[in-house]
Every structure is written in structure tokens, then in C-alpha cells.
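What follows draws every value from the coordinates through simple rules; no lab data is involved. Computed from a prediction, not measured in an experiment: that's the story for all the values here. When we count neighbours, we look across all protein chains shown, and the Cβ atoms used for this are built from the backbone with ideal geometry, even at glycine.
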Amino acid sequence: MKPIFSPTKMLDSLILMQIVIEGPQHGYALALSIEEDFGWKPSQTAVYNSLKSMESEELVMVEEKIESGRVQRIYSVTKKGREVFRETGRRMREHMIRNMSHFYSFMQKVGSIENLEESEALQRKIHAMFGNLRRISHLTLMLQREAPKETQEVIENTLTSLEKIAKKFDIECPDMEELKKETKE
């Protein structure tokens, strides 16, 4: 399967995402944010090469500030960078949905689904579910900055409601406690 992005473009996407979500930052802070959020610390050389490339493509702009007697290059995203970020996100979602659809199609062929009609219905449900998850994720990210308390309350209420339904149907999620801790942090 062909990857959706080269490793360099993936780093560009992660950097753009960090700047869009966290606001303008210098290169070192971007590398730390990526490490914290994704468990991978790109080299400083890779980060600065990526920033330089994105600056020449007019995806980010740089402002020099003096902090503690040192010149800091602070990067912020441009309008073009935001458009590229949105398009990249769209492509990644499509790619993930397509991959999940392929995965479920494979599982159906080796699993318990016995007829084409049932298989197609499940695929439609899965596609709709991922569309809703995408909308929920997008809204949650946007609202987390503007209304963090209200957003967290909705998340907790939603999880509680889903847990009640799961319990009613005797469905277990072994790592539910761990997921609860992660969402509260």
C-alpha cells in the first residue's frame, strides 16, 4: 500500500498542526510538542529544515524576537498554510476511512458475515460512523480552546452514556479506566 505522505511531508503536517492548534512557536518548542503528543522526537535539523522549506513555500512565516538576550525565530502559519493543513487533514481522513473500510472488508470475507447485503449495510454504517467521528473530533478540538470546561463535561457525559449502553448489552472495554484517565488529563 502506498503511503499517503513521505516522511518529510508528514513532519511538515505535524509541525503545521502544532502551530495551528498551539499558536506561534519556535523550532525547539515544536519538536518538544511533537514528542509530547506523538511519542516521537524529530531531530532539530529535521524540524528546522522542514520549517525552512515551509517558509519558502509560504506555508509559515517567521518573526524574530529577542528573548533572554537571544534571537528567537517564532513561526506562525499563513493563510496558505492553513489551507494546506485543512486539505492534508481531509486527505488523511479519507485515507484512514478507506483503509478501515478495506480492513473491515477483509474481516467480513474471513468472518461471520454471510451475505453481500449484510456486508454492504455494515460498510455503510462504518462509513457513516467515521464521518460522525470526524465531525465530533473536529468540533471537540475547536471547542477545547474556547470552552474547555463545557467541552470536557460533554465528553464525560457522552462516555458515561455509552458505558451505560455497553453495560446493558454486556459489552466490555478492558481499557476503559485507562481511557477515562487519559481524557481527564
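Which of the three applies to region 27-89, rounded, prolate or oblate, going by the alpha-carbon gyration tensor with a ≥ b ≥ c and a/c under 1.5 meaning rounded?
oblate
Just want the ordering: Lys79, Lys9, from fewest to most Cβ atoms lying within 10 Å of their own Cβ.
With the fewest neighbours first, Lys79, Lys9 line up as Lys79, Lys9.
Report, in listed order, any pair from Lys9/Lys80; Lys79/Lys149; Lys41/Lys149; Lys52/Lys80 with a Cα-Cα distance greater than 21 Å.
Lys79/Lys149; Lys41/Lys149
Taking the Cβ of each residue in Val60, Val154 as the centre, tally the other Cβ atoms inside 10 Å and list the residues starting with the fewest.
Result, fewest neighbours first: Val154, Val60.
How would Arg124, Arg82 line up from fewest to most surrounding beta-carbon atoms within 10 angstrom?
Fewest-to-most ranking of Arg124, Arg82: Arg124, Arg82.
Compute the relative contact order of region 23-93 as a whole-number percentage, counting only Cα pairs closer than 8 Å that sit 6 or more residues apart in sequence.
Relative contact order for region 23-93 comes out at 30 percent.
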